[in-house]
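To keep things clear, I will list the structure first and then write my remarks on it.
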């Protein structure tokens with residue numbers, strides 16, 4: 001709060017050196033605090049690594065006219081910085097899933113997704129999070145009209161299996177995709193609502209070799225926080241994926 005108040009009162013953008021001197025904060029602590037504030041959108045950077053008040057803080061004081069994707073940018077970045085895994089915000093366009101925000105994990109082995117990347121709803125965690133919460137008529141239209149293409153032996157290409165998975169997604173509040181689109185990748189996603197209307201989903205893609213019990217619990221906790229930040233509503237208790245769910249089983253055929 002000292003950092004935010006100092007920058008808000010300053011007549012010019014403040015560098016880390018100026019902030020450290022003025023507020024007597026050690027450089028190591030200041031670096032972490034500044035990166036967190038930037039990730040959350042409370043601060044923004046200008047030329048020569050100087051800091052000013054950011055868009056999230058400004059939006060709290062005025063009516064928020066940003067699109068859901070624009071609102072998701074600092075939230076997705078925060079998840080990536082906390083977990084160091086690839087995270088994105090997705091919306092449905094017709095019968096396809098589209099990535100509108102993407103942050104890639106900075107590890108040697110990392111899943112990548114490009115902004116604008118498209119794919120079928122049924123094979124991605126974000127797509128299933130969206131599909132599970134569609135009105136029943138729209139969900140059935142997708143299931144009856146869309147070819148459930150099999151990408152791996154684990155893709156849910158059976159309508160019966162997909163319906164069962166979507167019901168499970170609704171009951172627990174999050175979607176899982178284990179090796180369903182890309183072998184070796186586990187996705188976990190939650191739906192996002194604004195003004196009581198579904199707008200998209202936030203998803204984390206994690207190499208399956210790192211998707212252990214601790215990582216799944218931490219990922220789900222961050223996604224629940226993201227839901228609350230996007231919607232401004234309280235969220236229920238979290239439930240972490242079971243080991244059996246994380247391992248995945250080959251999908252049944254039609």
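Only the coordinates and a few stated rules stand behind these numbers; no lab work does. Fair warning: this is a prediction, and the values are worked out from it, not measured in the lab. Reconstructed Cβ throughout: ideal geometry from the backbone, glycine too, with neighbour counts over all protein chains shown.
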(request) Determine the calculated [θ] at 222 nm for the chain from helices alone, applying -39500 (n - 2.57) to every DSSP H run no shorter than 4 residues and normalising by the residue count; nearest 500 deg cm²/dmol. (result) -13000 deg cm²/dmol
(message) What FRET efficiency comes out for residue 108 versus residue 46 if R0 is 41 angstrom and r is the Cβ-Cβ distance? Round to the nearest 0.05.
(response) 0.80
(request) Apply the Kirkwood formula to region 153-192: the hydrodynamic radius equals the inverse of the mean of 1/r over all pairs of different alpha-carbon atoms; give it in Å with one decimal. (result) 10.7
(request) Compute the long axis of helix 159-172 from its Cα atoms, compare it with the longest principal axis of the Cα atoms of the chain, and write down the angle in degrees, 0 to 90, nearest 10. (result) 40
(request) May I have the convex hull volume per residue, in Å³, for the Cα set of region 7-85? (result) 107
(request) Tell me which label goes with the value of Rg and Dmax of the Cα atoms in Å computed from the coordinates here: [x] 19.4, 63; [y] 19.9, 67; [z] 16.6, 51. (result) [y]
(message) Give me log10 I(q)/I(0) at q = 0.23 Å⁻¹ for region 106-178, Debye formula, one equal scatterer per alpha-carbon, no solvent.
(response) -1.09
(message) How large is log10 of I(q)/I(0) for region 41-154 at q = 0.18, 0.19 Å⁻¹ when the intensity is taken from the Debye formula with one equal scatterer per alpha-carbon?
(response) -1.03, -1.09
(message) Give me P(r) over region 77-224, computed from all C-alpha to C-alpha distances, binned every 10 Å, as integer percentages.
(response) 12, 46, 34, 7, 0
